[in-house]
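**Q** Next up is a structure, given as structure tokens.
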Amino acid sequence: MDVFGYAILATGLIALIYGILIFNRLVRLKHNVRMAWGNIDVLLKQRHDELPKLVAACKQYMKYEQATLERVITARQQVARARESSDVAALGLAETTLRSSLGQLFALVENYPELKADESFRQLRGRITGLENAIADRREFYNESVNLNNIGIEEFPNNLIASWFRFAPFRLLRFASAEKTDVDVEVLFQT
């Protein structure tokens, strides 16, 4: 074999190694997105399990606030359906509805001093608030993982490997624009 043959062989070997490195990077990015979704899923499930306890605690005191309690339960069911089907778009909308309903519920609690003083309610409220904060953190990590994955499969020459092995982009977890606006506390107290 002459020098030209060795040069072609070396170039082919370098291209193969580079292709393997790209493939492995894309696999890591894909699995990071799935891991991030799994983290959100665990927290959503934990919150899903805590919400009926919160509603039950509230029912004892809030006899005239059934519509608010029903909105929380309905929104909880919507989140569960979206979570179980891994429908990121539907989850974003359902989360917005649930957060709004919980905001209304917590605002109404201010009218019930006995409920606010109830130790079990305070613990549930603290637990759900902690889960909400953790979900927000995990949502940020998920969206960052999705962004890195989507950029990774669009960059050249990664896009050649990605299309060949059918790596697909993921959807960002977005919430409705209403969640991004400031909350009008007065409106919450009037409902």
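**Q** For segment 56-97, give me each residue that is touching a residue at least 40 places away in the same chain (Cβ under 8 Å), hydrophobic (A, V, I, L, M, F, W, C) and in a helix (DSSP H, G or I).
**A** Within segment 56-97, Ala57, Cys58, Val88, Ala89, Leu91, Leu93 meet the criteria.
**Q** Take the conditions among the small types (Gly, Ala, Ser) and crowded, with 18+ Cβ neighbours inside 10 Å and apply them to Ala89. Does it pass?
**A** No; evaluated as a whole, the condition is false for this residue.
**Q** In addition: Give me a count of the residues in segment 1-54 that are charged (D, E, K, R) and either over 37 Å from the mean Cα position of the chain (by Cα) or on the phi > 0 side of the Ramachandran plot (or both).
**A** Adding up the residues that qualify gives 1.
**Q** Can you spot a residue in segment 112-122 that is out of contact with any Pro (no Cβ under 6 Å at 6 or more places or on another chain), of a type in the set (A, V, I, L, M) and either under 30 Å from Glu70 (Cβ atoms) or at pLDDT below 95 (or both)?
**A** Within segment 112-122 (the criterion being out of contact with any Pro (no Cβ under 6 Å at 6 or more places or on another chain), of a type in the set (A, V, I, L, M) and either under 30 Å from Glu70 (Cβ atoms) or at pLDDT below 95 (or both)), the answer is yes, since at least one residue qualifies.
**Q** Among what's in segment 51-78 and is surrounded by fewer than 18 Cβ atoms within 10 Å (Cβ to Cβ) and of a type in the set (D, E, K, R), pick the residue that is modelled with the lowest pLDDT.
**A** If we take residues in segment 51-78 being surrounded by fewer than 18 Cβ atoms within 10 Å (Cβ to Cβ) and of a type in the set (D, E, K, R), then Lys63 is modelled with the lowest pLDDT.
**Q** While we're here: Residues being within 15 Å of Glu132 (Cα to Cα) and either surrounded by 19 or more Cβ atoms within 10 Å (Cβ to Cβ) or basic (Lys, Arg) (or both): count how many of those fall in segment 105-114.
**A** Of the residues in segment 105-114, 1 are within 15 Å of Glu132 (Cα to Cα) and either surrounded by 19 or more Cβ atoms within 10 Å (Cβ to Cβ) or basic (Lys, Arg) (or both).
**Q** I would also like to ask the following. If a residue must be more than 14 Å from the chain's Cα centre (by Cα) and either at positive phi or assigned to a helix (DSSP H, G or I) (or both), how many such residues does segment 98-142 contain?
**A** Final tally of qualifying residues: 27.
**Q** A further question follows. Listed residues Glu114, Glu140; which is out of contact with any helix residue (DSSP H, G or I) (no Cβ under 9 Å at 6 or more places or on another chain) and touching a residue at least 40 places away in the same chain (Cβ under 8 Å)? Give the derivation first.
**A** Working: Glu140 fails: touching a residue at least 40 places away in the same chain (Cβ under 8 Å).
Result of the check over Glu114, Glu140: Glu114.
**Q** In segment 35-44, is there at least one residue being out of contact with any helix residue (DSSP H, G or I) (no Cβ under 6 Å at 6 or more places or on another chain) and without any contact (Cβ under 8 Å) to a residue 40 or more places away in the chain?
**A** Checking segment 35-44: at least one residue is out of contact with any helix residue (DSSP H, G or I) (no Cβ under 6 Å at 6 or more places or on another chain) and without any contact (Cβ under 8 Å) to a residue 40 or more places away in the chain.
**Q** Among the residues of segment 70-114, write down those that are touching a Leu at 6+ places or on another chain (Cβ under 7 Å) and farther than 19 Å from Leu44 by Cα.
**A** Selection gives Gln104, Ala107, Val109.
The values are calculated or read from the model by the stated rules, or taken from the named source; none is laboratory data. Just so you know, these numbers come straight off a predicted model, no measurement behind them. Reconstructed Cβ throughout: ideal geometry from the backbone, glycine too, with neighbour counts over all protein chains shown.
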